[in-house]
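The values are calculated or read from the model by the stated rules, or taken from the named source; none is laboratory data. Because the structure is a prediction, the values reported are computed rather than measured. Positions of Cβ are backbone-derived with ideal geometry, glycine not excepted, and every protein chain shown enters the neighbour counts.
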Amino acid sequence: METIVEVIDELNIDDKACMALEKAGEIIKNGGLVAFPTETVYGLGGDALNPESSKKIYAAKGRPSDNPLIVHVADMQSLEKIVKEIPDAAYKLADVLWPGPLTMIMNKSDAVPYETTGGLDTVAIRMPSNKIAAELIRQSGGYIAAPSANLSGRPSPTEAKYCVEDLNGRVEMIIDGGAVGIGLESTIIDLTVDTPMILRPGYVTKKMLEDILGGISIDKTILSAESGVKPKAPGMKYRHYAPKGDLTIVEGEPLQVTKYINEQIMQHIAEGVKTGVIATTETAGLYKADVIKCAGSRDDEEEIARNLFSILRQFDDEQVECMFSEAFDENGIGQAIMNRLLKAAGHKVIKV
Ligand code: AMP
Ligand code: MG
């Protein structure tokens with residue numbers, strides 16, 4: 001299949017862009033797939049109410065079919081058709097946080113095929129704020145099922161070029177809307193349980209959710225090492241975001257961390273292994289690795305979130321074999337950063 005790439009400026013959706021979005025909408029309505037930008041990461045979209053489209057999404061990504069997709073909508077009214085009932089909590093959260101990087105789990109109606117929910121009776125729903133995404137949803141009939149637009153297991157794409165890298169020839173169209181603003185996938189909250197539970201941390205923090213709803217619980221598997229306990233979001237059990245080389249996170253006092261990483265790097269370099277470090281503005285100058293990537297300043301977690309997935313992909317491009325990353329605070333967005341980093345490292349953490 002030939003993949004068309006359309007470039008659209010989110011801040012200037014002109015006639016040409018409208019035509020491209022109409023064409024993309026037609027592709028989705030006809031059962032095809034379109035990769036598109038959202039504020040979190042790029043999504044791989046198909047018609048959420050068409051079981052054949054969901055099957056195609058799994059096939060294009062190489063994703064296991066028990067890993068449910070998120071359904072993207074453009075307005076609140078659209079919820080009525082796809083859920084049994086809209087919980088009060090959903091209205092409260094939507095009021096403040098939609099459109100935006102929050103996904104809510106609700107009980108699904110018969111309109112949503114099991115192919116989209118990975119066989120579950122619940123459905124994950126998000127209303128993205130990216131204007132290209134919102135218009136594409138409207139043009140596509142209102143419901144786009146979209147996981148992140150990467151091959152299964154790889155870091156989520158934060159720029160269209162990474163979608164091309166993974167999905168060229170596997171989808172009908174890729175919409176290039178530039179680099180995304182957030183860089184980590186949405187926060188997922190389950191509203192089908194008595195106390196709403198965070199299943200995946202993201203840009204929307206526990207504190208933001210608590211301020212709106214009061215009591216919130218959190219899936220204990222989010223930051224713990226792989227164990228016998230299954231995460232509640234089925235997708236979180238899979239190896240994710242992993243670079244091709246070996247990644248270890250090093251935790252401890254900053255000077256100690258830098259010293260330990262440099263010792264390890266010298267050893268690896270002596271053995272002819274290509275090394276890399278995920279550093280911060282504060283420490284980047286102190287490392288001696290072959291490839292040093294600065295994720296941003298420790299004072300700006302949003303910058304670190306935005307850069308993380310791209311850095312993991314750049315290590316692959318530069319064929320780095322052994323990588324070390326500093327650890328980050330697990331407060332606020334730091335929790336989402338550490339969750340992704342731990343998965344990328346297969347939970348390999350060294351405390352110094
Ligand atoms: P991605 O589309 O790559 O961002 O992955 C979507 C995430 O949402 C995966 O971790 C899924 O397991 C999770 N998810 C989607 N639907 C549900 C659901 N009904 N219940 C729990 N988790 C879900
Ligand atoms: Mg994903």
Requested in this report: Please identify the pairs in which a residue from segment 264-283 that is more than 26 Å from D300 (Cβ to Cβ) and without any contact (Cβ under 8 Å) to a residue 40 or more places away in the chain has its Cβ atom under 9 Å from the Cβ atom of a residue that is exposed (fewer than 15 other Cβ atoms within 10 Å of the Cβ) and of a type outside the set (S, T, N, Q), counting only partners at least 6 apart or on another chain.
Outcome: M266/K288; I269/K288
Query raised in the report: Can L136 be described as in a loop (DSSP other than H, G, I, E, B) and among the hydrophobic types (A, V, I, L, M, F, W, C)?
Result: no
Query raised in the report: Does segment 201-220 contain at least one residue that is away from ligand 1 (no atom under 14 Å from the Cβ), of a type in the set (D, E) and within 30 Å of N12 (Cα to Cα)?
Result: no
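Tally time: how many residues in segment 138-161 are touching a Pro at 6+ places or on another chain (Cβ under 8 Å) and within 16 Å of ligand 1 (Cβ to nearest atom)? Explain how you work it out, then say what you get.
So the first thing to find is which residues in segment 138-161 are touching a Pro at 6+ places or on another chain (Cβ under 8 Å), and the list is 148-150, 152, 155, 160.
Going one step further and asking which of them are within 16 Å of ligand 1 (Cβ to nearest atom), we end up with 148-150, 152, 155.
Summing the residues that are touching a Pro at 6+ places or on another chain (Cβ under 8 Å) and within 16 Å of ligand 1 (Cβ to nearest atom) in segment 138-161 gives 5.
Within segment 42-56, identify whether any single residue is farther than 27 Å from K161 by Cα and away from ligand 1 (no atom under 16 Å from the Cβ), and answer yes or no. I'd like the intermediate steps shown before the answer.
First, pick out the residues of segment 42-56 that are farther than 27 Å from K161 by Cα: 49-51.
Now restrict to residues that are away from ligand 1 (no atom under 16 Å from the Cβ): 50.
The answer is yes; a qualifying residue exists.
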Report task. Can you confirm whether segment 220-233 contains a residue that is buried (at least 16 other Cβ atoms within 10 Å of the Cβ), at pLDDT below 95, within 16 Å of ligand 2 (Cβ to nearest atom) and closer than 30 Å to K131 by Cβ? Result -> yes
Query raised in the report: If the Cβ limit is 8 Å and pairs must be 6+ apart or interchain, which residue in segment 193-205 that is at negative phi and of a type in the set (K, R) pairs with which residue that is surrounded by fewer than 19 Cβ atoms within 10 Å (Cβ to Cβ) and in a loop (DSSP other than H, G, I, E, B)?
Result: none
**Report entry** Filtered residue count, segment 105-129, keeping only those that are more than 16 Å from ligand 2 (Cβ to nearest atom), crowded, with 21+ Cβ neighbours inside 10 Å and closer than 30 Å to D9 by Cβ
**Finding:** 2
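Go over the candidates I174, I261, I182 one by one and state the one that is under 30 Å from A289 (Cβ atoms), away from ligand 1 (no atom under 16 Å from the Cβ) and at pLDDT 95 or above. Talk me through it step by step, then tell me what you get.
Details: I174 fails: under 30 Å from A289 (Cβ atoms); I182 fails: away from ligand 1 (no atom under 16 Å from the Cβ).
Just a single option satisfies the conditions, and that option is I261.
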Query raised in the report: Being in contact (Cβ under 8 Å) with a residue 60 or more places away in the chain, under 19 Å from Y42 (Cα atoms) and among the small types (G, A, S), is that true of even one residue in segment 302-324?
Result: yes
Report task. Identify the single condition in (1) touching a strand residue (DSSP E or B) at 6+ places or on another chain (Cβ under 8 Å); (2) under 15 Å from F36 (Cβ atoms); (3) within 16 Å of ligand 2 (Cβ to nearest atom); (4) among the hydroxyl-bearing types (S, T, Y) that T158 does not satisfy, given that it satisfies every other one. Result -> (1)
